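Q: Before I ask anything, let me first share the structure, which is written out below as structure tokens.
The values are calculated or read from the model by the stated rules, or taken from the named source; none is laboratory data. Just so we're clear, the structure is a prediction, and the values are computed from it rather than from any experiment. Glycine also receives a Cβ, built like all others from the backbone with ideal geometry; neighbour counts cover every protein chain displayed. For the accessible areas, the whole protein counts, side chains as well, though only heavy atoms, and no ligand, DNA or RNA atoms are used. Shrake-Rupley method; radii C 1.70, N 1.55, O 1.52, S 1.80 Å.
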Amino acid sequence: IQHSTFNIQHSTSMDMNRTNESSRPPSHRFDAPMPSSASQTYNHLAQKGVMPTSYTYKPIDPSRAPKTAVVLFAAVILFAVTYHTIYGLQLDALQNSRSSPSSMHYSAMKAQYQYLNRTIQETQRLNTLIKEVSRPNFDQERNPIILPPELSNLADITVPIDRSKDIPFFWHVPRSGGSLIKNTAAYCLDLIQASNMGNAIDKQGADLPELATVVDTQTGAKFLNIDTASPEGLDLAKYKGSVVGSYPGLGVIISPYLFHGSMNLLNQEHKGRMFVMMRHPIHRAESMFWHLRSRPDTGPLVGDSLLLFAKGPVIENNWMTRFLSNKMGGELTPDDEAVAREVLRTKALVGLVKRKNESYQRFKDYFGWKINDANPQKIDCEEKYLEWGWLKSDYIPVGPNSEEWKALKMSNTADLRLYAYAEKLFEAQGALLIDGRVGYVEPDPTFIMDQGNVNANPEDGEMPAFVESSESNVIDLISSNLINNMNN
């Protein structure tokens, strides 16, 4: 057929050249007769049933090909321009929504994206953590820890708080946000405070035989006329006529001595509600050095070198673990550490210095504390102590690979493990604190926790779990005695 078509075109061209029809180009003669050779071929194919029986030959018009190409090209260009215009408008709209935080559409998309990115693994990790801290701590013989009876005047955190009777008891760990609680309680929340501030303001009030309120004439802050920062002061407070916890309007008790404070300041009628701010033990020890060094009465004791301080007799030895287990001297055992963990788990609402704003708000919600919103000074007061008034370190912290860090770690191995446990408690309590209580889940008998990992050192796996301590840095705990006269 292709060969015949070629012959048709060739014959047609020859015939048209012979006709000399200059007025009409041969290519435009659509009614030209079919050449004989092509006609014979067509008739033969028609008889075979391949071609239709009627046919009018119309040769291809060469002038139409360029026009068709132009039309197709224009259509492609028009489609491309339309597509990029619409796509560009969509991109502009998306960019505008991203640049406008107030856009509800973008906010909804962002919230959905963040929600979807909370992976199943994270949920499983939180559930596992809750199961872990919901289980009691065990001694070396696999028996659940039973807390000392001296702490019976502290309410369990699993029991709903009774704000008409229960007294907030802040366990003050030195250099761990104590000033934040003291200052906000006294100057922002207007709470009557039992600490060491009353005796510092009014020396004569300390000698009164009964409890009384001491008012700071400059600020209007109110304190009780007792000293809760020393064992001697706690003993004296016990004999001031009535139980401190029953004092009308008392807002908070602040003391580093948990056992003494529980026995001397509280009773079964007015139980304490323990809460605490905790700080990484190495950072706390480093802060303690610089604080003692800046004081004229303690500066000569600590010297000018953090490394020498870390290796010397003044350095504290696992301060938090010892004060929670009430073991001030001798070598700490796994049972002592288990007691310290159990006290935090069952008695304390845990806060972290590194998350001080969240911790402070959690304390306020738990105790029902509120500031006077009608007084702008009270609003500025909280912002001051939480933000711009927060005391920043005026020294460069040491790094984990430094000799100072390694030396400080030797005296804080138990506290490092305790702090790692406290971080878990902080996260779990944030999810479980509802209606004034922490609702730990029922222990799962199928859940197996590696008790060996509880005592694992979170900072250095090569360090032995328990380090024997010398007489010089354990028995006296010189730095612990120094804090009796500190305000932070």
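Q: Please identify the pairs in which a residue from segment 172-186 that is free of Cβ contacts under 8 Å to residues at least 60 places away in the same chain has its Cβ atom under 9 Å from the Cβ atom of a residue that is in a loop (DSSP other than H, G, I, E, B), counting only partners at least 6 apart or on another chain.
A: Pairs found: Ala186/Ser195; Ala186/Asp216; Ala186/Thr219; Ala186/Ala221.
Q: On to the next question. Yes or no: segment 227-238 includes at least one residue that is surrounded by 17 or more Cβ atoms within 10 Å (Cβ to Cβ), touching a Leu at 6+ places or on another chain (Cβ under 7 Å) and within 26 Å of Trp290 (Cα to Cα).
A: yes
Q: Still on this structure, I have one more. Taking Ser262 as the residue in question, decide whether it is in a helix (DSSP H, G or I) and either of a type in the set (A, V, I, L, M) or touching a strand residue (DSSP E or B) at 6+ places or on another chain (Cβ under 8 Å) (or both).
A: Values: in a helix (DSSP H, G or I): yes; either of a type in the set (A, V, I, L, M) or touching a strand residue (DSSP E or B) at 6+ places or on another chain (Cβ under 8 Å) (or both): yes.
Spelling it out, Ser262 is indeed in a helix (DSSP H, G or I) and either of a type in the set (A, V, I, L, M) or touching a strand residue (DSSP E or B) at 6+ places or on another chain (Cβ under 8 Å) (or both).
Q: Let me ask another. What are the residue pairs meeting all of these: first residue in segment 371-383, first residue without any contact (Cβ under 8 Å) to a residue 40 or more places away in the chain, second residue surrounded by 12 or more Cβ atoms within 10 Å (Cβ to Cβ) and part of a helix (DSSP H, G or I), Cβ atoms under 8 Å, and 6 or more apart or on different chains?
A: Every condition considered, the pairs that remain are Asp373/Ile379.
Q: Regarding Gly241, is this residue open to solvent by 10 Å² or more (accessible area, probe 1.4 Å) and under 36 Å from the mean Cα position of the chain (by Cα)?
A: Criteria not met by Gly241.
Q: Another question about this same structure. With respect to Pro209, determine if the residue is without any contact (Cβ under 8 Å) to a residue 24 or more places away in the chain and assigned to a loop (DSSP other than H, G, I, E, B).
A: Answer is no for this residue.
Q: Name the residues in segment 307-324 that are of a type outside the set (D, E, K, R) and either open to solvent by 20 Å² or more (accessible area, probe 1.4 Å) or assigned to a loop (DSSP other than H, G, I, E, B) (or both), would you?
A: Keep residues of segment 307-324 that are of a type outside the set (D, E, K, R), which gives 307-310, 312-315, 317-321, 323-324.
Hits for segment 307-324 are Leu307, Leu308, Gly312, Pro313, Val314, Ile315, Asn317, Asn318.
Q: Continuing with the same structure: Let me confirm something: among Ala338, Ala285, which residue is closer than 18 Å to Pro174 by Cα, open to solvent by less than 10 Å² (accessible area, probe 1.4 Å) and not in a loop (DSSP other than H, G, I, E, B)?
A: Ala285
Q: Out of all the residues in segment 251-309, which are of a type in the set (Val, Ile, Thr), under 33 Å from the mean Cα position of the chain (by Cα) and closer than 30 Å to Asp235 by Cα?
A: Residues satisfying the conditions are Val252, Ile253, Ile254, Val276.
Q: Any residue at all in segment 405-427 that's more than 17 Å from Leu352 (Cβ to Cβ), surrounded by fewer than 21 Cβ atoms within 10 Å (Cβ to Cβ) and among the polar types (S, T, N, Q)?
A: Within segment 405-427, not a single residue is more than 17 Å from Leu352 (Cβ to Cβ), surrounded by fewer than 21 Cβ atoms within 10 Å (Cβ to Cβ) and among the polar types (S, T, N, Q).
Q: If you check every pair at least six apart or on different chains, which have Cβ atoms under 7 Å apart with a residue in segment 296-316 that is in contact (Cβ under 8 Å) with a residue 60 or more places away in the chain first and a residue that is open to solvent by less than 20 Å² (accessible area, probe 1.4 Å) and aromatic (Phe, Trp, Tyr) second?
A: As it stands, the answer is Leu306/Phe289; Ile315/Phe309, since those pairs meet every condition given.
Q: Additional query: Within segment 359-442, considering only helices (runs of 4 or more DSSP H) that don't extend past its boundaries, which have at least 1 residues that are in contact with a Leu (Cβ under 7 Å, 6 or more places away or on another chain)?
A: 403-410, 413-432
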